[in-house]
Structure formats: structure tokens, C-alpha cells
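For reference, the structure discussed in these notes is given below.
The values are calculated or read from the model by the stated rules, or taken from the named source; none is laboratory data. Just so you know, these numbers come straight off a predicted model, no measurement behind them. So basically every Cβ, Gly included, is an ideal-geometry build from the backbone, and we count neighbours across all protein chains shown.
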Amino acid sequence: MSLSYGHASFVQCEAEQLTLNLSARVFGAEVWAAIQAWFQTDVRASHWLSAPFRVMTAEEDVVDYPRWKQTGVDVLSWVIFHLLVPPGHTLVKLWQAIDWAAINRLCAPAYKNSQSGQRAWAPAQLFALLILFFVLPVPSECALLRMVAIVPLYRWFCGFGIFTTLPDHSTLHTFRKNIGLERFEAILTMVVLCCLEAGLIANELAHFDMTGVAASAHDWTPFERAVLLTQALLRYWELADKGETPDALLPEALPQLAAEVAIEVLDNKRLKKDSKAPSRVLKSVERWDRRQQEAKGQALWKMALEEAVQTLLVEDAGEEKKGEEPSSPQESKAQRRWLKETAQRLKDLLPHASGDLDARVGWVSNVLLRCGYWMGFLADGLHGVITAVGVVPLNVVQHTQMIPALDAHQERVGDYPKEVAADSAQDYYPVHQALDKRQIKSHIASREHQGRGEGLSSDHFTWDEEERLHCPSGKVMRPGKPRKDGKTPFKAEASDCASCSRKARCLPKGQQPDGPRLIHLEPAAHQRWLQNREHTHTEEYKEAQKKRFASEGLFGLAKRLYGADEMPYRSEPMNHIAGLMIGIAMDLALLARHGATA
């Protein structure tokens, strides 16, 4: 069959081949000259357009090196790439900034097909797909592959011809799972080292910040979490108090008490005000259990519940008891206290969302509660190169994350930065201790220490050279016996408070009207906090924080251009990989902008 078109072009379709005859007038003089040069010389062997098909599936002459699938590129693909892959495009520059052979070498140990078995998709090609997933971005990996299938530029970027069969989304999932977190960390290390060699890292001032990112899951309502927590409490009671005989009947009042405690521990104002909430929670417990019994298999929330309860039982069995033995749950007077302590521990172990069992609820600001993860970047202050990435559930306190990030930075760059700037979430004594030990000068915003009951806060209390605490009026306060939590009570003399002109402002409500003033402090931590608070008034601190505020634009950039407004995957390890990929993509963009290669 033969069909003719304008400009003396025609197509002929036969049993074994398709013949296209295109007139030179279709392309224009410059494009036609480029096509002639491509096909009439040996430039294809080194031309930038052929690079993905020469490099991404190349096999190295190494013993037991994996075998990659070889994707053929036909003549029509070359013509289309010539027409639709602009040499100055951002993705072309990004491709040229990546050492694809090094990606294959880093991932090769995860493959076992060097001698037999099917050829695998080259890691470089799958990594290129992941780069596109975070650079475009698209809503899902399925949508990504549909997009790549129809856009020649994306096919070229990943080393696929126009008519090449593409991997499916399950291949990407298997790739992420098999390659694992450590190798993605190694890829980030490779990129950071290239940034260092290109002069993009000064290692003088680093910035650390974290942002809350919503999970890709359905957040459970406070009521649903109360139901789950009530079920966990009842299950814990069965196993801990009944000798692991789930069929034994619970005391009649316990389920009602468990529901009340669950609501109290969740600290939701609306549920607390609803007097009928505990009874509604119990009805939902019965309904959830009934549905579970009728369903085939075990629900994910049920599996997570059992795992949380078993974790707590193991902890309790191995815990060394000191001092007074905890009250037995059989004693009715101790039931509420015992249940509340258990509920507090269970709350963080139980899932907070349906679809992502690792996501947790936490405050991302003073007013916003979200279910998801903290994503943290440690960035060098010169060009904003991200040298370490952390991803943890939102119920993890932020001040546990900066030091591991700095240690990861040191392993990659070879030394710690001389200075680090961070927000007040890092203003904790263990952080200051760790920074002092590593000889890193800190510029950390001061955290407020206002206690309960108003009164003058702890920043009004000072220390002298003999490490004696002075009250806001300068009087020495008498230390008491340190508590188990490390805090020491300091009490002012009653006569000093009685004659003090600042008494009304100084005394908290619980110590009004006459005092004496009592305050609990950890001496070393309070002294270090005051030292940091004083530092926040220096010009050096203000300059460092000004640069940090500018670097916080990294999160805005990550959310706007790299899909960091919501986690793409549904587990903590996979979302950690997502965070690393965002950091890698942003660093590669810097390398491409400065003409360097990773």
C-alpha cells in the first residue's frame, strides 16, 4: 500500500517494512543540513545526541558485571530526536551533568544476572526515570511512564528509542526496593563530591532546616485514632493481665475507661467536650472488630496494632524495675493512671493514617497539625548545595536530626562546616553540646522558656562566676536536691521575696501572693541556653540568620519544582529515598548550571 502527501512525500507499507520518503523541503534549509551532516559523516559516534544510547546501557569489562537490556535506535527515531530534542534544553544540560556509568557501577552489586537469567533494565535508565519523576514533576510513576511514552525528549533523556518498549511502574518500585537507601545515599555522596570539585561548596557556613510534608495517605480523624488506641489498650490488657488468653472477659468498666483515656491522651478539644464520645468510640470498636471478622485476611491497621502491642509487652518484660513497683492494673484506683501511661506509649507506635503506616501526626507550626514527615536539608551556604537529607515521621522532635545531618556532611565533604545556622527547634542542650564537641560555631535562634502560670521566665535568672543562681532582682537562690529528670529546684529566701518590688510580676500564679519564688532548672543546660540567647544579639548571628532565611527558599523551590509538597510514596524508607532524590536533583541542577559533571 502506498500513500502520497504534499511536498513530494510518500509512505509505502509492505509486509516486512515501512518506507518513508520525505522531501528536503519539509525540514527547512538549516534542519536539512544538520540531518545530512548526521547521516553522511561519522559524527554519530561522538555526537551529544547519541550519548544516552552509547553510555546508559554500556557493559563494563569486569568479572560478574550485570548484563543490561540493549535498546536499539532506528533511523526514524534519530530523525525525530534531531527535530524535537533542542541542544540547549535544560534536560539536555542536566543529562550531560550526570555520570551515568558511575550510576550503573554503584547499583551493579544489587544485580545477580551476570551469567544467566534475563537482561535487566540498566540502573542508569531507571534512575533517569526517577530524575524525571522529581524534575517534571508528575503526580505518580504511572503518569510519568505515560508521559515518557509520548514525549521524544523524555525518551531521549532515558536512552529509549521512539519505538522502544518502556518498563512499567512496578519495575521502578522493584528498583527502589532492591537498590535500597544506602545506594541512594551513595549517589548523593557522588554528586556532592562533584559539587566540591567544581568549587560549589565553601564549607564555611551551613544551614539546617526542616519542613513538614504531608503523607500520600488518608489521614485518620482524631475519632478514628481514638478507636484504634482504645482497641490497642484493650488488647494490651488482655495479653498483659490475662496470661495471653484473649477470650477472657474484661472487667465491665474497663472498656469505658479505656475509651475515656484514649480521648484524653489524644488531646482533641472537640472530642473532650463531647460527653457521648466514649460510648461512640466503643460502638465503633465493636463495628471495626465485626468487620475485621467478616473480612478475608488481616487488615493493615490490625497488623500494626498487634505489632505495637507486642513491642510494648517486650519493652515491659525487659525493663529493669527500680524503686517503687508500678501499680498493678487489677487495682481499680490505679487503672486510669496505668491506662494513661500505656496509652501515651502506644499512641506513637500506632498508625496515624490509612495507606502509610509509617506517617505520624505532628505540629508543623503553632497552629497547623499534619500527618506526614519532616524533611530536612543541610545546605552549604555558598550556592545552596544540599549535602545531607533527613526524612522522619512528624512526631519525631526536630533537634534529634541536625547532628546526624552534620555527621553525614562530614563523611561526604571530609570536614565539618566551620559554622551552622538553624532555627529555634535546635535550641536544646544536647545539640549545643554536640556542636561544641565538633568545634562548630552555632547560630541558633533562641527558644522561649516560658513556664506555666506566667511569672518571669527563666531568661531573667542569671549565674555568677561561682555558678550560683540569681533571681531577677539579683538575690542568690538556694538549690535543692536534684530530681530524676536532671532538674534542680532553686528557691529564693522568703524574706527576699517579701520585700521585693518585682514580686507581683515575678511570682507565677501558683506561688502568689507571697512566694517564695521557686524554679526548676538543669544548671548546665540553662547556662548554655543563656549563652546562646546572648549570642543572638550579635551582628555575626544576625548575618548568619539572614543567609539562612535566604537558603530557606530551597524548600519553596523543592515544593514548587520538585514535588516536595506531598510525599510520593507510602512508607518511611521509600519517602527517605524520595527526599534523597529531591536533594540529588537540586544539586544536579546546580552542576548543570555551572557546566560541571557528576
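Of note:
- The set of residues from the range 560-598 being under 15 Å from Leu144 (Cβ atoms) and out of contact with any Phe, Trp or Tyr (no Cβ under 8 Å at 6 or more places or on another chain) comprises just one member, Tyr569.
- Where a residue in the range 23-34 is among the small types (Gly, Ala, Ser) and its partner, wherever it lies, is modelled with pLDDT under 80, with Cβ under 8 Å and at least six apart: Ser23/His7; Ser23/Ala8; Ser23/Ser9
- Here Glu566 passes the criteria (1) buried (at least 16 other Cβ atoms within 10 Å of the Cβ); (2) under 42 Å from the mean Cα position of the chain (by Cα); (3) farther than 28 Å from His443 by Cβ except the one numbered (1).
- Test for Pro351: is it assigned to a loop (DSSP other than H, G, I, E, B), under 16 Å from Leu229 (Cβ atoms) and at pLDDT 90 or above: yes
- Filtering the range 13-60 to residues that are among the small types (Gly, Ala, Ser) and either farther than 18 Å from Val85 by Cα or at pLDDT below 85 (or both) leaves Ala15, Ser23, Ala24, Gly28, Ala29, Ala33, Ala34, Ala37, Ala45, Ser46, Ala58.
- Breaking point among (1) modelled with pLDDT under 95; (2) surrounded by 13 or more Cβ atoms within 10 Å (Cβ to Cβ), for His535: (1)
- Within the range 127-143, the set of residues being under 20 Å from Leu188 (Cα atoms) and out of contact with any Lys or Arg (no Cβ under 9 Å at 6 or more places or on another chain) comprises Phe127, Ala128, Leu129, Ile131, Leu132, Phe133, Phe134, Val135, Leu136, Pro137.
- Checked against (1) more than 17 Å from Ala388 (Cα to Cα); (2) touching a helix residue (DSSP H, G or I) at 6+ places or on another chain (Cβ under 9 Å), Leu591 passes all but a single condition, namely (1).
- Pairing each residue of the range 56-79 that is within 9 Å of Ala122 (Cβ to Cβ) with any residue that is of a type in the set (A, V, I, L, M) and part of a strand (DSSP E or B), provided the two are 6+ apart or on different chains, yields C-beta distances under 8 Å for Pro66/Ala120; Trp68/Ala120; Lys69/Ala120.
- Selected residue [in a helix (DSSP H, G or I), in contact (Cβ under 8 Å) with a residue 60 or more places away in the chain and closer than 28 Å to Trp38 by Cα] from Leu106, Leu91: Leu91
- Within the range 109-154, the set of residues being without any contact (Cβ under 8 Å) to a residue 12 or more places away in the chain, within 18 Å of Asp168 (Cα to Cα) and either polar (S, T, N, Q) or assigned by TED's automatic domain parsing to the domain that holds Tyr562 (or both) comprises Gln118 only.
- Note on the range 363-418: residues that are more than 16 Å from Ala434 (Cβ to Cβ), among the basic types (Lys, Arg) and either outside the structural domain of Leu554 (by TED's automatic domain parsing) or not in a strand (DSSP E or B) (or both) total 1.
- Test: residue in the range 516-531 that is over 30 Å from Val135 (Cβ atoms), in a loop (DSSP other than H, G, I, E, B) and either at pLDDT below 90 or touching a Gly at 6+ places or on another chain (Cβ under 9 Å) (or both): yes
- Screening the candidates Ala504, Ala494, Ala445 for the property of being out of contact with any His (no Cβ under 6 Å at 6 or more places or on another chain), in contact (Cβ under 8 Å) with a residue 24 or more places away in the chain and of a type outside the set (Val, Ile, Thr) yields one hit, Ala445.
- Filtering Gly381, Gly390 for residues that are touching a helix residue (DSSP H, G or I) at 6+ places or on another chain (Cβ under 6 Å) and surrounded by 23 or more Cβ atoms within 10 Å (Cβ to Cβ) leaves a single hit, Gly390.
- Qualifying residue in the range 446-464 (condition: exposed (fewer than 12 other Cβ atoms within 10 Å of the Cβ), within 29 Å of Val389 (Cα to Cα) and at pLDDT below 90): yes
- Of everything listed in (1) in contact with a Pro (Cβ under 9 Å, 6 or more places away or on another chain); (2) surrounded by fewer than 14 Cβ atoms within 10 Å (Cβ to Cβ), the single unmet condition for Cys158 is (2).
- Of residues in the range 108-127 being of a type in the set (Phe, Trp, Tyr) and touching a helix residue (DSSP H, G or I) at 6+ places or on another chain (Cβ under 7 Å), the one surrounded by the fewest Cβ atoms within 10 Å (Cβ to Cβ): Trp121
- Qualifying positions in the range 289-305 - loosely packed, with under 10 Cβ neighbours inside 10 Å and either assigned to a helix (DSSP H, G or I) or touching a residue at least 40 places away in the same chain (Cβ under 8 Å) (or both): Gln293, Glu294
- Among the residues of the range 55-86, the one identified as among the small types (Gly, Ala, Ser), in contact with a Ser or Thr (Cβ under 9 Å, 6 or more places away or on another chain) and assigned to a loop (DSSP other than H, G, I, E, B) is Gly72.
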